[in-house]
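A short worksheet on the structure shown next.
The values are calculated or read from the model by the stated rules, or taken from the named source; none is laboratory data. Since the model is a prediction, treat every value here as computed from it, not as a measurement. Virtual Cβ from ideal backbone geometry, glycine too; neighbours counted across all protein chains shown.
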Amino acid sequence: MEQSSGPIACFFSTSGHSGVDRIARHLLPGMAARGYRVDLLKVRGHGPELAATHPNLRVIDLGHRSTYACLPALVRYLRRARPAALLADKDRVNRTALLARAMARVDTRLLLRLGTTVSVNLASRGRLERNLQRASMHHLYRFADAVLVPSRGVAEDLAAFAGLDRHLIRIVPSPVVPERLFEAPPPPPAHPWLGDPEVPLVLGMGELGPRKDFPTLLRGFARLRARRPCRLMILGRGGQRQRLLDLAQSLGIAADVALPGFVAEPYPYLAHADLFAFTSRWEGLGFVLIEALALGTPVVSTDCPSGPREILHDGRYGRLVPVGDDAALADAMAETLAVPPARAELASAARPYAIEPAVSAYLAAMGLPPAPS
C-alpha cells in the first residue's frame, strides 16, 4: 500500500520543560522548514509549548487534559488527515497512539519514541507500574513501524528489558544543537562570578531532583574547593532545592555555591563557565552535555546509563567517573581545570547532534525523503 501523502503528526504530552519539549522546539519547525506539513497534537494543559510560527506548522488541541481521554479525537484526526507518519513519545502516549491507529484503520507509519534508559528509570517505580510498562512495551510496541531511541545504550537496555526485537529499535540522534552555537559564543551574562580567571566557575544544570544527583556534585565540589579557589552554580528548579542549600551549608561551601533557579536561556552561562559537571544517575542521552561541548566548554561526566560514554567517545572528549563517586569527580574536575581541552575539538563531538542532520535522520526513520517532492 502506498504511504499517505498527508502531514507529519506529532502526538506529545510533556511537562513543558523536558527533553521532549526541547526536541519538539527543534524538530517540528525543522521539518516544516523542509516543506513538510507538520501537526503538533496536544493534550490540553500539557506541553510542548510551540507557537505555529511557520506556515507549514499547525498546533491542534485535542480537547482533553488526559492522554487517554484524547483517544477519540486522535482517531478522528487520523481518519480525517491521514498523516504520512505519526510520532509519539513516552509510554502512555505511545500506548494511546497504537490504539488510535488500530481503531482508525489508516496506513499512517507509526513511530514510538523513548528517550531514557527504561530499566533504570522504572527501577524506583511501584511493581504494578513497572510491570504494566514492561508488558505494554513487550506486547504492544511490536505493532509500531519503529521504536526510536537517542543512544546505543538505551537501545540495548530496551531490547533486554522489554524483550523487543533489536531490529525494531532505531537509534536516531536528537536535534539538540542550533547551528548558531557552533558559529560564535553568546555574550556572557551579567553575573560577577563569570570571567574571573583567578576563581573558575563550575556549572551544573538540570532539574533539582534525584536523577541529576546534585548532592554528589556538591560533595565533589567541596573536595575541589579544599584544593583551590573555585565557585559552583547550578541552574534549574525542583523539589531538592532546600536540601541542596542545606547540604552546601553543612559542607562549608555555601558562600561559593549559587542556585539561581531556572534560566530560560542557559547558553551564555554554558559558554562562559570554566567547566561543566554532569552528575546524572541515569539518562537517555544528556542534552546539556552536548550543548556544553558545542560551545567549547570542558566537561566531566558520570558514566551513567546511557549517553555520556557515547557522547564523549569513551572519555576522549571529557573525563568519565563512576556514578555517585564524589572523590573521583573532584579529581576529574581538578585535572580538567588544570589542563582544559581545545574548544574546537570539543565542538566537533557535538556535531552529530546538530539540528539539521537530526531532522534528516528523523525523516529517514519515518520513511520520508529529506524534503517532499
**Report entry** Pick from segment 190-201, criterion of a type outside the set (Phe, Trp, Tyr) and buried (at least 17 other Cβ atoms within 10 Å of the Cβ), ranking: nearest to the chain's Cα centre (by Cα)
**Finding:** LEU201
Report summary line: Filtering segment 340-373 down to residues that are among the hydrophobic types (A, V, I, L, M, F, W, C) and part of a loop (DSSP other than H, G, I, E, B) yields ALA342, MET366, LEU368, ALA371
Query - Criterion (modelled with pLDDT under 95 and under 22 Å from PRO175 (Cα atoms)) met by exactly one of ALA264, ALA292, ALA277 - result: ALA264
Query raised in the report: Just to be sure, is VAL339 surrounded by fewer than 16 Cβ atoms within 10 Å (Cβ to Cβ) and β-branched (Val, Ile, Thr)?
Result: yes
Query raised in the report: Here are some residues: GLY163, GLY153. Which one is assigned by TED's automatic domain parsing to the domain that holds VAL75 and closer than 24 Å to ALA364 by Cβ?
Result: GLY153
Query raised in the report: With ALA358, ALA371 as the choices, which residue is within 30 Å of ASP107 (Cβ to Cβ), of a type in the set (Gly, Ala, Ser) and in the same structural domain as PRO150 (by TED's automatic domain parsing)?
Result: ALA358
Requested in this report: Scan segment 160-205 for residues that are aromatic (Phe, Trp, Tyr) and in contact (Cβ under 8 Å) with a residue 60 or more places away in the chain and jot them down.
Outcome: PHE182, TRP193
Query raised in the report: Within segment 124-155, how many residues are more than 23 Å from ARG101 (Cα to Cα), without any contact (Cβ under 8 Å) to a residue 12 or more places away in the chain and either part of a helix (DSSP H, G or I) or touching an Asp or Glu at 6+ places or on another chain (Cβ under 7 Å) (or both)?
Result: 5
